[in-house]
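The values are calculated or read from the model by the stated rules, or taken from the named source; none is laboratory data. Remember, predicted model here, so these are calculated numbers, not experimental data. Using ideal geometry, Cβ is built from the backbone for each residue, glycine included, and neighbour counts are taken over all protein chains shown. Remember, those area values only see protein heavy atoms, side chains included, never the ligands or the DNA or RNA. Shrake-Rupley method; radii C 1.70, N 1.55, O 1.52, S 1.80 Å.
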Amino acid sequence: MRRVGVLLSGRGSNMIALVEQARGYDVVLVASDKPDAPGLAWAAEHGLPTFALSPRGIGKPAYEAALDGALREAEVEVIALAGYMRLLSDAFVARWRGRIVNIHPSLLPAYKGLDTHARAIAAGDARAGCSVHLVTEELDGGQVLGQAEVPILPGDTPDTLAARVLTAEHRLYPCILSEFVRR
Ligand code: GRF
């Protein structure tokens with residue numbers, strides 16, 4: 001069993017999918033930069049070890065050093081970002097090179113960064129989707145490990161499209177993470 005640590009900043013629906021559909025790995029730590037993240041509360045309620053620390057006041061280097069320490073203490077082998085809304089420093093990425101994955105709500109390399117659904121709708125795209133990729137120093141730029149597509153329907157808003165993509169995320173992420181940890 002590979003030991004996975006999940007980093008999140010929000011509701012954590014992808015983390016829940018990773019926990020509930022785990023195959024070949026165990027989620028051994030759920031960590032957040034937002035001590036009040038709903039995903040963190042879910043993890044704690046479900047008996048998962050958690051780590052919460054805000055970088056506010058202590059600065060990014062001290063924050064990342066503490067996060068790195070918590071991940072190592074939990075003997076994490078692979079980090080899964082799941083709605084983690086902070087950029088990891090180049091030094092952190094280098095320390096964990098090849099062992100950090102992320103889910104991004106677009107068909108990469110299209111629409112890196114934020115507001116992916118609004119941009120896909122504005123462009124008149126017929127299809128949207130999500131990508132699981134390796135994390136490198138380049139934002140949303142690492143190797144794509146797997147993708148899932150959904151249609152963009154007439155009348156879609158960023159919210160309706162986001163909900164459709166999110167359903168696809170919850171199927172894709174556990175599946176690709178399982179494959180990845182077996183490599
Ligand atoms: C998802 O859309 C994910 O693709 C993006 O942030 C959102 C996180 O949602 N990176 P959740 O916290 O997993 O529910």
- Item | Scope the stretch 85-117; condition closer than 14 Å to V132 by Cβ and either hydrophobic (A, V, I, L, M, F, W, C) or under 9 Å from the mean Cα position of the chain (by Cα) (or both); matching residues | I100, V101, N102, I103, H104, L107, L108
- Among the residues of the stretch 1-38, which ones are closer than 21 Å to I176 by Cα and part of a helix (DSSP H, G or I)? S13, N14, M15, I16, A17, L18, V19, E20
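Would you check if there is a residue in the stretch 92-106 being under 21 Å from N14 (Cβ atoms), open to solvent by 50 Å² or more (accessible area, probe 1.4 Å), basic (K, R) and more than 16 Å from the ligand (Cβ to nearest atom)?
Yes, that holds for at least one residue.
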- When the stretch 118-127 is examined, which residues are found to be open to solvent by 10 Å² or more (accessible area, probe 1.4 Å) and under 22 Å from the mean Cα position of the chain (by Cα)? A118, R119, R127
